[in-house]
Each structure stands twice: as C-alpha cells, then as structure tokens.
Amino acid sequence: MIHAFTRHFAILRSVLSRILSPPVAGILNIIVIGIALSLPTGMYVLLQNGQSMVENLSDAPQISLFLEIAAKSGDVDALRSKLNQHPDIAKIEFVPRDQALEQLKHSTGLSDVIGGLESNPLPDAFIVHPKSGEAHAMEALKIELAKLPGVDQAHLDSAWAYKLEALLKFGRIAAMILASLLSFALVAITFNTIRLQILTQREEIEVSKLIGATNAFIRRPFLYFGATQGLLGGIAAYLIISSSLLLLNHQLDSLAQLYASQFELHPLSLGDSITLLLFSMYLGWLGAWLSVARHLSRIEPG
C-alpha cells in the first residue's frame, strides 16, 4: 500500500512539473480554465443572491383578504386562528376597518369627502405574508384562502412576481447553456493539450506497449495531468469569484442604503465550492481520457 501511494505521489509530482513547464504557459492555461469556469458559476452565484435579496425586500408580495362587511368579531378570531395555523403562511397582519378608513383619508387627501360618509364602507382585512415567493405557489394560496368562511375577496398583486420568476428562470437556463458550452470548450482544451504531450511521447508509448504495458498504466499519468489541471482551474475560478464578490460588496453598501436594507452578496457555499472543484477535475479527466483513448486505438495492433 505504501509502495502504491509512493508511486501515485511520484506521478502527481511529475504531472505538476509538466503543467508548470514552461511556467508562463502553464499558468496561462490554468487562468483560462478558471475564467471559463467562473463565468457560469458567477452567474449562478448572482442569481442565488438576487433571489435571496428579493425575498427580503419590504415590498414582497402579499395577499389581501377582505372580510365580509357583516363579519363579527368571532368570525374574525376564527379566521385569524386558521391563518396562524396554515403551514404556507409566514405571518399575518389584521387591519380593522376603522384603521383602514383613517389610512385612506391620509393617503388620498379626501378627508372632507370621506368624513361626509354616513358609514364606513371598508371591510376588515388580513394582510397575509406567504412563506414561498414563487408566483404559482402564491396564486394557489390566494385561491385557497378566498374560499375560507368570512372572506369576501382575496387579492394578490402577482404580476411582478411572475415577471421576476420568469427572469430568474431565464437566467438559470442561460447559465446552464453557457456552462455546457464552456465545459465542452474545456474538454477540448484538455484534449488538445494531452494530444500534444502524447505526440512528444509517442515512441515511448509504443515501446511500452511492445513490452507488455497495459492501457491503464499508459493512461494513468495523462489522466492525472488532466484532472490536476482541471482542479487548479477550479481553484482559480473560485478565487476569481470570491475576489469579484468582495469588490462588488464594497460598492453595494451605497445601493443598500437607498432601499434602507442590508444587501450583501454571499459567496459560494461549501457544497457548491466542492461541486465546482470536483466538476472541474472531471472535465480535465474526461478530456484526457478521450485524448488518450483516441491515440491508443490508433497504435493498437490490428
């Protein structure tokens, strides 16, 4: 076991020296891979942060439940109990009809006209804050709440929520397309890099095959090269994203103050960071495997 570990460590050390030989070209290759990986990953991070910011805005979508004019205090208490126990509701606010009338007087400037009314035409109301910000979930909740006893009407201003959800969905699809295209490009880069190395070692590989070396033995150092180069590119992408978010957060404070809120772009989570590194390793490994398999098939005896 120790011998196997020593052999793999020696291969890894040799691979690192080849990746950085010459140093400038090797570092540039890693930076190119890092930039390519950081573009779709950065879009994903911004989409995740954008969604969390929208959910924390003060004007998040609400459902207004207008009660029947003839609703009694017992009906209001019964409805409040049902709303508090609903699993999809974060919190509720009760607006008595008298308070609603006062707010209407101050907001419209028609206090004289409203003061001349013989009776209050406004009903009691509940302002419901849903837990989910998804437009379809809020629409379904509105329909459900409208059927509760004592509720006359239910209103949801979901137009902006649908637009936002469509925009986020478009962004996710765009990020997936970009990630797919750049992943193919990274596989092609590794494929071509390994192909050039194989061409410089073609005679050595052919001699190894003649003396009985297996394909796995020949393939191993090249797979190490591709996976290591991919891993280094993933680390470069992580550093690019982290530094970019750090710079953006410095400029975000002034924007957050305009909305009287606390906006902060959060970096990749631990799980997402590990996924990025593993995915970059896989892309490098895949490009190397395809390149080696292609050339081994050409030198196989007929």
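Go through Gly230, Gly271 for me and flag whichever is part of a helix (DSSP H, G or I), within 15 Å of Val45 (Cα to Cα) and either modelled with pLDDT under 85 or out of contact with any strand residue (DSSP E or B) (no Cβ under 8 Å at 6 or more places or on another chain) (or both).
Numbers: Gly230 fails: within 15 Å of Val45 (Cα to Cα).
Among Gly230, Gly271, only Gly271 is part of a helix (DSSP H, G or I), within 15 Å of Val45 (Cα to Cα) and either modelled with pLDDT under 85 or out of contact with any strand residue (DSSP E or B) (no Cβ under 8 Å at 6 or more places or on another chain) (or both).
One residue stands out in segment 170-210 among those that are among the β-branched types (Val, Ile, Thr) and at pLDDT below 80: the one that is surrounded by the most Cβ atoms within 10 Å (Cβ to Cβ), namely Ile205.
Scan segment 174-191 and tell me whether some residue there is assigned to a helix (DSSP H, G or I) and closer than 30 Å to Ser81 by Cα.
Quick first cut of segment 174-191, residues assigned to a helix (DSSP H, G or I) only: 174-191.
Still in the running and closer than 30 Å to Ser81 by Cα: none.
No, the conditions are met nowhere in segment 174-191.
Per-residue answers, yes or no, for (1) within 22 Å of the chain's Cα centre (by Cα); (2) at pLDDT 70 or above; (3) surrounded by 11 or more Cβ atoms within 10 Å (Cβ to Cβ):
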{"site": "Ser38", "(1), (2), (3)": "yes, yes, yes"}
{"site": "Ser64", "(1), (2), (3)": "no, yes, yes"}
{"site": "Ala70", "(1), (2), (3)": "no, yes, no"}
{"site": "Arg97", "(1), (2), (3)": "no, yes, yes"}
{"site": "Lys105", "(1), (2), (3)": "no, no, yes"}
{"site": "Leu117", "(1), (2), (3)": "no, no, no"}
{"site": "Ser132", "(1), (2), (3)": "yes, yes, yes"}
{"site": "Glu139", "(1), (2), (3)": "no, yes, yes"}
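Does segment 153-166 contain any residue that is more than 27 Å from Pro87 (Cα to Cα) and of a type in the set (Lys, Arg)? Checking segment 153-166: not a single residue is more than 27 Å from Pro87 (Cα to Cα) and of a type in the set (Lys, Arg). Close contacts from segment 201-214, counting a first residue that is within 23 Å of Arg18 (Cα to Cα) and part of a helix (DSSP H, G or I) and a second that is at pLDDT 80 or above and of a type in the set (Val, Ile, Thr), with Cβ to Cβ under 7 Å and a gap of 6+ residues or different chains, come to Ile205/Ile198; Ile205/Ile218; Ser208/Ile218.
The values are calculated or read from the model by the stated rules, or taken from the named source; none is laboratory data. Since the structure is predicted, the reported quantities are computational estimates derived from the model, not experimental observations. For neighbour counting, all protein chains shown are included, and Cβ atoms are generated from backbone atoms with ideal geometry for every residue, glycine included.
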